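The values are calculated or read from the model by the stated rules, or taken from the named source; none is laboratory data. Since we're looking at a predicted model, the values are computed, not measured. Cβ placement follows ideal geometry from the backbone for every residue including glycine, while neighbour counts extend to all protein chains displayed.
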Amino acid sequence: MAGRIAVISSGVRRRGSVRTPADEGRVGSRSLGVMGEVASGGLWDLHRFRQRIDEPERRLRLVWPSRAVDFGSLDEASVRRALAPAPASRGGVSAAVLIPIAFDGPSGPEVLVTRRARSLRHHAGEIAFPGGRARAGETLVETARREAEEEVGLEASAARVLGSVGVGYTRSSAYAFEALVAAVPRETMLTLQPDEVEMAAWVPLATLFGPERAASELWYDDRAGWLRVWLFDLGDDLLWGASARVVAALAQCLGAT
């Protein structure tokens with residue numbers, strides 16, 4: 001059963017792959033039919049979400065290929081088996097994000113997402129995961145843990161990294177990052193850094209991957225043509241862009257697509 005999204009306000013203590021911009025659902029001259037089954041109903045109303053998106057040319061809403069998953073049976077061992085090992089070296093990637101999952105959530109496994117501060121220069125106000133650039137001498141695992149501690153107060157020792165979803169990319173800046181999944185205690189005390197994070201929320205995986213909450217559409221990009229993009233409805237917030245591609249890849253790893 002899908003559970004409620006638990007929101008934390010700023011200042012309150014409380015084996016898949018990620019597609020690159022070059023191959024993320026690009027249609028080009030091929031038939032739109034190769035993208036998947038067209039969903040009934042119209043496109044999502046993007047104006048109902050807090051995030052403001054420059055309205056792209058949009059063509060179709062596609063069926064979210066959800067499969068029945070017993071999220072209550074997921075545990076650290078099963079998720080670790082589903083992921084690729086965390087990289088021992090950077091391999092040309094200079095940044096990392098942490099996808100914290102609490103397996104002891106009240107509604108089953110829950111994932112922690114953040115809303116970036118509106119004062120930030122890039123991706124302001126967007127739903128994301130803690131992360132950033134690696135420092136000299138750091139591994140990507142160390143980077144992801146440090147960034148999570150700096151942004152939301154999640155102690156590095158409390159994040160048990162289970163593996164990697166893959167390398168993600170931001171299309172606007174061609175920014176590459178390793179997307180690492182970690183098991184964390186649900187009752188961990190969090191302290192948000194208001195200069196970086198406006199809000200954090202625990203979202204049950206069963207809610208996040210529900211067919212009424214997840215969708216994909218075809219959007220037109222001037223440089224790449226028609227692309228398949230992923231959208232996740234978090235109530236007032238919309239998870240989209242590079243973070244949504246990471247979530248879609250996680251769903252693939254866990255057998256939810």
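Checking each residue in region 36-68 for being on the phi > 0 side of the Ramachandran plot and modelled with pLDDT of 70 or more picks out no residue at all. Taking the conditions (1) surrounded by 17 or more Cβ atoms within 10 Å (Cβ to Cβ); (2) in a loop (DSSP other than H, G, I, E, B); (3) among the polar types (S, T, N, Q) in turn, S119 satisfies each one other than (1). Restricted to region 122-142, and to residues there that are over 24 Å from D75 (Cα atoms) and β-branched (V, I, T), the residue that is surrounded by the fewest Cβ atoms within 10 Å (Cβ to Cβ) is T139. For region 207-257, the tally of residues that are aliphatic (A, V, I, L, M), closer than 20 Å to R116 by Cβ and outside any helix (DSSP H, G or I) stands at 5.
Matching residues to (1) modelled with pLDDT of 90 or more; (2) surrounded by fewer than 19 Cβ atoms within 10 Å (Cβ to Cβ); (3) in contact with a Phe, Trp or Tyr (Cβ under 9 Å, 6 or more places away or on another chain); (4) not polar (S, T, N, Q):
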| residue | (1), (2), (3), (4) |
| --- | --- |
| A201 | yes, no, no, yes |
| P204 | yes, no, yes, yes |
| A215 | no, no, yes, yes |
| L218 | no, no, yes, yes |
| W226 | no, no, yes, yes |
| L231 | yes, no, yes, yes |
| D237 | yes, no, yes, yes |
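The residue list G108, G125, G137, G168 contains one member that is modelled with pLDDT under 95 and under 13 Å from the mean Cα position of the chain (by Cα), which is G168.
Pairs meeting the criteria (first residue in region 129-150 and closer than 14 Å to V167 by Cα, second residue in a loop (DSSP other than H, G, I, E, B) and among the small types (G, A, S), beta carbons under 8 Å, at least 6 apart or on different chains) are R133/S94; L140/A86; L140/A134; V141/A86; A144/A159.
When S89 is tested against (1) surrounded by 14 or more Cβ atoms within 10 Å (Cβ to Cβ); (2) part of a loop (DSSP other than H, G, I, E, B); (3) not hydrophobic (A, V, I, L, M, F, W, C), only condition (1) is not met. When you look at E150, is it more than 20 Å from A84 (Cβ to Cβ) and at pLDDT 95 or above, yes or no? Answer is yes for this residue. Taken over region 122-158, the residue count meeting the criterion of being in contact with a Ser or Thr (Cβ under 9 Å, 6 or more places away or on another chain) and assigned to a loop (DSSP other than H, G, I, E, B) is 11. Do we have P194 as in contact with a Ser or Thr (Cβ under 7 Å, 6 or more places away or on another chain), farther than 29 Å from E142 by Cβ and assigned to a loop (DSSP other than H, G, I, E, B) here? So P194 does not fit the description; no. Residues in region 153-170 that are under 12 Å from A86 (Cβ atoms) and in contact with a Lys or Arg (Cβ under 8 Å, 6 or more places away or on another chain): A159, V161, L162, G163.
It is to be established whether one or more residues within region 69-76 are surrounded by 13 or more Cβ atoms within 10 Å (Cβ to Cβ), in contact with a Pro (Cβ under 9 Å, 6 or more places away or on another chain), modelled with pLDDT under 80 and of a type in the set (A, V, I, L, M).
Scanning region 69-76 turns up no residue that is surrounded by 13 or more Cβ atoms within 10 Å (Cβ to Cβ), in contact with a Pro (Cβ under 9 Å, 6 or more places away or on another chain), modelled with pLDDT under 80 and of a type in the set (A, V, I, L, M).
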